[in-house]
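Enquirer: Take a look at the following structure, please.
The values are calculated or read from the model by the stated rules, or taken from the named source; none is laboratory data. Keep in mind the model is a prediction, meaning the values are calculated, not measured. FYI the Cβ positions are ideal-geometry reconstructions off the backbone, even for glycines, and counts take in every protein chain you see. We work out accessible area using only protein heavy atoms, side chains counted, and drop any ligands, DNA or RNA first. Shrake-Rupley method; radii C 1.70, N 1.55, O 1.52, S 1.80 Å.
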Amino acid sequence: MEQVRASITRSIESAIRQLVDSNKLCADVLSNLSNIPLEVPKDPRHGEFASPVALSLAAVARKAPREIASLIVEEMTAAGFGPYVDTVDVAGPGFMNFRLSAKWLVDTVDLIRSMDEEYGQTDYGRGERVLVEFVSANPVGPLNIVNARAAAVGDTLVRLLNASGYRASSEFYVNDAGRQVSTLAESVFAHYMQLKGADYPFPEDGYRGAYVRDIAKQAMEEHDDRLSGMGPDEARDFLREYALSYILDWQKTSLEAYDVHFDRWFSERKLRETGAVESMIREMAEAGYTYEEDGAVWFRSSDYGDDKDRVIVKSDGLYTYVAPDLAYHRDKLGRGFTKLIDILGPDHHGYEGRMQAGLQAFGYPEGTLEVLILQLVTLMRDGEPVKMSKRAGEFITMDDLLEEVPKDAARYFFIMRNTSSHLDFDLNLAKAQTTDNPVWYIQYAHARCCSIFRQAEAERIQPEAWERADLSVLGHASETDLVRKMASLPDEVLAAACERAPSRIAKYALELAGLFHSFYTECRVISDDEAMSLARLALVDAARTVLRNVLRVIGVSAPERM
RNA sequence: GCGCCUGUAGCUCAGGGGAUAGAGCAACGGACUUCUAAUCCGUGGGCCGCAGGUUCGAUUCCUGCCAGGCGCGCCA
């Protein structure tokens, strides 16, 4: 049943071979047969499937596309279409439009119901291990709005990949070894000293958010006995560790509230402690990938596609982020992942060239690392952008956002645009409990399905009756439109995963809900016509499954009543 | 100056060599003796930023230009 697609492309291919054998098409076309295009037309009047193959063969075959299409259709008609194809037409400039049979419709509904929560999944990825790294915010403050977008996109991408047969894991890289953490420690220490009444200056580049003071205050309340007995360096170290774990717990809590769970939080400091960075730099030097200049060690990244060489060890002996990050990527590959996806903010686009150059130098095949750059988010309130100033410490955190907007709406809004596009996040709309809000619209479709079953139960219609219903009575246009959409869930999930485009599945969910609402209006489910009622209950059962599955993959809840 | 992203309906955006370029919102007109009207149906609305190029065919690919956003450190 799932093989309808494959069986159509196979029969197109054999028809073309037949035409070549009988000299109706020249043999040159055979070289173009590796990938027969078969698409789902945007316009349902063009059938369930359409193939533009005749258009693409026209040049090599030196024949008009419509003529080629007619020949193929003739040949396919002679061979027979099988149980799922009803008719094939030549249309437009030379498309072949395939209309599927009533049996296809019935079997689709049955398939969805029997696969239940597994419907939508495929084994396309064949277990390939993919590591998706996202958010990876510095552990020096609360998560911001771009982090929230990254969390929604990354988490959905992991779910999409796992549904498509990949073994995908999520990872958060904790930059707990750099200068920024020292600055945080210094900032907390300054607050601590001030709380103790000392005249201690706040560092010029320190973190000014109110939370820094809160951390100092809480540390003092819990550990003042120990802190008082420490010298300044020891106290700074203690406060650094305290602040780090405080902020990591905070970030974890924010993400869990958002239903984003990381398989692993990977510590940069622990990586450094293994000596992986030193040994990598030594390896690079031995292989001639580096040179010394102005007292610093440079990586010849421009030999591997970067626009200039990069410092990896500064003249003061400390690493730039490039060295540990590269060691980190090698660590990921050493753990058996064959594909790495990094989701980064818009200010990191220069980063990709460096990492790609490093991995290329170490001999990893091209395409091992994919970098997805998310564009900016502008929060809109009452049609006006919400002003944020990082310098003044006035920025809206992920927690602020989730306080204002339900989790389901936030997740949906963050994935509903292409990752490469700037995102205007309309706060009023996300909160709205009206038809304009796409999240409510989709969830309402699911709630409506559930409501129909509550009604069925009230009318004492037994589940056993509709579970065995004869579905051949279905056939209303709004029913076939709905089933056609439901049938494409596996394709849509796979396409969204492969294109790294969660927005695709968000759009699919909205369209599916729209078709369900149309069906609901056009077709009364529970009526005096018992056979029809049972068949439609089976259809609604399948629709409920598809809605629930698509909502699960984007991490949005499927309420039973609203 | 260089790099990345964007430019499609009044607004927010899909689409991505091929059929009459789509959706939601807004505007206008309809539909509830009904399983949730938090819904549905219909109408109007487009030099797909501009100019070249490749092609049988370009809104889609390439080049240049224009406009907007964001970057360009021995910061991460």
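Enquirer: For A:Lys24, are the conditions met, namely being open to solvent by 70 Å² or more (accessible area, probe 1.4 Å), in contact with a helix residue (DSSP H, G or I) (Cβ under 7 Å, 6 or more places away or on another chain) and in a loop (DSSP other than H, G, I, E, B)?
Expert: Yes; evaluated as a whole, the condition is true for this residue.
Enquirer: Does at least one position in the stretch A:488-510 carry a residue that is assigned to a helix (DSSP H, G or I), farther than 30 Å from A:Ala151 by Cβ and open to solvent by 20 Å² or more (accessible area, probe 1.4 Å)?
Expert: The answer is no, given that none of the residues of the stretch A:488-510 is assigned to a helix (DSSP H, G or I), farther than 30 Å from A:Ala151 by Cβ and open to solvent by 20 Å² or more (accessible area, probe 1.4 Å).
Enquirer: While we're here: Looking at (1) out of contact with any Leu (no Cβ under 6 Å at 6 or more places or on another chain); (2) assigned to a helix (DSSP H, G or I); (3) more than 16 Å from A:Ala447 (Cβ to Cβ), find the lone condition where A:Ala535 falls short.
Expert: A:Ala535 satisfies every listed condition except (1).
Enquirer: From the set of residues in the stretch A:72-127 that are more than 28 Å from A:Leu160 (Cα to Cα) and among the β-branched types (Val, Ile, Thr), which is least open to solvent (accessible area, probe 1.4 Å)?
Expert: Applying the filter and picking the extreme gives A:Ile72.
Enquirer: To continue, here is another question. Scan the stretch A:155-187 residue by residue and report those that are within 27 Å of the chain's Cα centre (by Cα) and of a type in the set (A, V, I, L, M).
Expert: A:Leu157, A:Val158, A:Leu160, A:Leu161, A:Ala163, A:Ala168, A:Val174
Enquirer: Quick check on this structure: which one of A:Asp426, A:Asp382 is over 30 Å from A:Pro324 (Cβ atoms) and either within 8 Å of RNA strand B (Cβ to nearest atom) or touching a strand residue (DSSP E or B) at 6+ places or on another chain (Cβ under 8 Å) (or both)? Don't jump to the end; show me each part of the working.
Expert: Working: A:Asp382 fails: either within 8 Å of RNA strand B (Cβ to nearest atom) or touching a strand residue (DSSP E or B) at 6+ places or on another chain (Cβ under 8 Å) (or both).
So the residue among A:Asp426, A:Asp382 that is over 30 Å from A:Pro324 (Cβ atoms) and either within 8 Å of RNA strand B (Cβ to nearest atom) or touching a strand residue (DSSP E or B) at 6+ places or on another chain (Cβ under 8 Å) (or both) is A:Asp426.
Enquirer: Within the bounds of the stretch A:407-418, is there any residue that is open to solvent by less than 10 Å² (accessible area, probe 1.4 Å), in contact with a Leu (Cβ under 8 Å, 6 or more places away or on another chain), within 7 Å of RNA strand B (Cβ to nearest atom) and among the hydrophobic types (A, V, I, L, M, F, W, C)?
Expert: Within the stretch A:407-418, none of the residues are open to solvent by less than 10 Å² (accessible area, probe 1.4 Å), in contact with a Leu (Cβ under 8 Å, 6 or more places away or on another chain), within 7 Å of RNA strand B (Cβ to nearest atom) and among the hydrophobic types (A, V, I, L, M, F, W, C).
Enquirer: With the structure loaded, tell me whether A:Ile373 is modelled with pLDDT of 95 or more and either within 22 Å of the chain's Cα centre (by Cα) or charged (D, E, K, R) (or both) or whether it fails that test. Explain how you work it out, then say what you get.
Expert: Numbers: modelled with pLDDT of 95 or more: no; either within 22 Å of the chain's Cα centre (by Cα) or charged (D, E, K, R) (or both): yes.
No, not satisfied.
Enquirer: Starting from residues that are more than 11 Å from RNA strand B (Cβ to nearest atom) and farther than 22 Å from A:Met115 by Cα, keep the ones in the stretch A:474-487 and report whichever is most open to solvent (accessible area, probe 1.4 Å).
Expert: Once the filter is applied, the top-ranked residue is A:His476.
Enquirer: Which one is nearest to RNA strand B (Cβ to nearest atom), of the residues in the stretch A:350-359 that are under 11 Å from A:Leu369 (Cα atoms) and either open to solvent by less than 30 Å² (accessible area, probe 1.4 Å) or of a type in the set (Gly, Ala, Ser) (or both)?
Expert: A:Gly353
Enquirer: How about the stretch A:33-152: which strands (runs of 3 or more DSSP E) wholly inside it have at least 2 residues that are touching an Asp or Glu at 6+ places or on another chain (Cβ under 6 Å) and within 13 Å of RNA strand B (Cβ to nearest atom)?
Expert: A:95-100
Enquirer: Check whether at least one residue in the stretch A:531-543 is more than 17 Å from A:Arg113 (Cβ to Cβ), in contact (Cβ under 8 Å) with a residue 12 or more places away in the chain, open to solvent by 10 Å² or more (accessible area, probe 1.4 Å) and touching an Asp or Glu at 6+ places or on another chain (Cβ under 7 Å), and report yes or no.
Expert: yes
Enquirer: Now for a different question. Can you pull out every residue in the stretch A:195-232 that is of a type in the set (D, E, K, R) and either within 44 Å of the chain's Cα centre (by Cα) or open to solvent by less than 30 Å² (accessible area, probe 1.4 Å) (or both)?
Expert: A:Glu204, A:Asp205, A:Arg208, A:Arg213, A:Asp214, A:Lys217, A:Glu221, A:Glu222, listed by residue number.
Enquirer: Working only within the stretch A:452-473, note down all residues that are within 14 Å of RNA strand B (Cβ to nearest atom), open to solvent by less than 70 Å² (accessible area, probe 1.4 Å) and of a type outside the set (Gly, Ala, Ser).
Expert: Selection gives A:Ile452, A:Phe453, A:Ile461, A:Trp466.
Enquirer: Ok, one more. Condition first: crowded, with 19+ Cβ neighbours inside 10 Å and either in contact with a His (Cβ under 8 Å, 6 or more places away or on another chain) or without any contact (Cβ under 8 Å) to a residue 12 or more places away in the chain (or both). Can you find one or more residues in the stretch A:269-285 that meet it?
Expert: no
Enquirer: If we keep just the residues of the stretch A:34-71 that are among the small types (Gly, Ala, Ser) and out of contact with any helix residue (DSSP H, G or I) (no Cβ under 8 Å at 6 or more places or on another chain), which is most open to solvent (accessible area, probe 1.4 Å)?
Expert: Per the stated criteria, the residue is A:Ser34.
Enquirer: Hey, A:Asp400 hits all of (1) touching a residue at least 24 places away in the same chain (Cβ under 8 Å); (2) open to solvent by 60 Å² or more (accessible area, probe 1.4 Å) but one; which does it fall short on?
Expert: Result: A:Asp400 passes all but (1).
Enquirer: Only one of these is within 12 Å of RNA strand B (Cβ to nearest atom), open to solvent by 20 Å² or more (accessible area, probe 1.4 Å), among the charged types (D, E, K, R) and assigned to a helix (DSSP H, G or I): A:Asp347, A:Asp316, A:Asp325. Name it.
Expert: Values: A:Asp316 fails: assigned to a helix (DSSP H, G or I); A:Asp325 fails: open to solvent by 20 Å² or more (accessible area, probe 1.4 Å).
Matching residue, one of A:Asp347, A:Asp316, A:Asp325: A:Asp347.
Enquirer: When you scan the stretch A:289-308, do you find a residue that is away from RNA strand B (no atom under 16 Å from the Cβ), under 17 Å from A:Gly363 (Cβ atoms), more than 34 Å from the chain's Cα centre (by Cα) and buried (at least 20 other Cβ atoms within 10 Å of the Cβ), even just one?
Expert: yes
Enquirer: Are any residues in the stretch A:1-32 more than 16 Å from A:Trp104 (Cβ to Cβ) and either within 10 Å of RNA strand B (Cβ to nearest atom) or touching a strand residue (DSSP E or B) at 6+ places or on another chain (Cβ under 7 Å) (or both), and if so, which ones?
Expert: If the condition is that a residue be more than 16 Å from A:Trp104 (Cβ to Cβ) and either within 10 Å of RNA strand B (Cβ to nearest atom) or touching a strand residue (DSSP E or B) at 6+ places or on another chain (Cβ under 7 Å) (or both), then A:Ile12 is the only one that fits.
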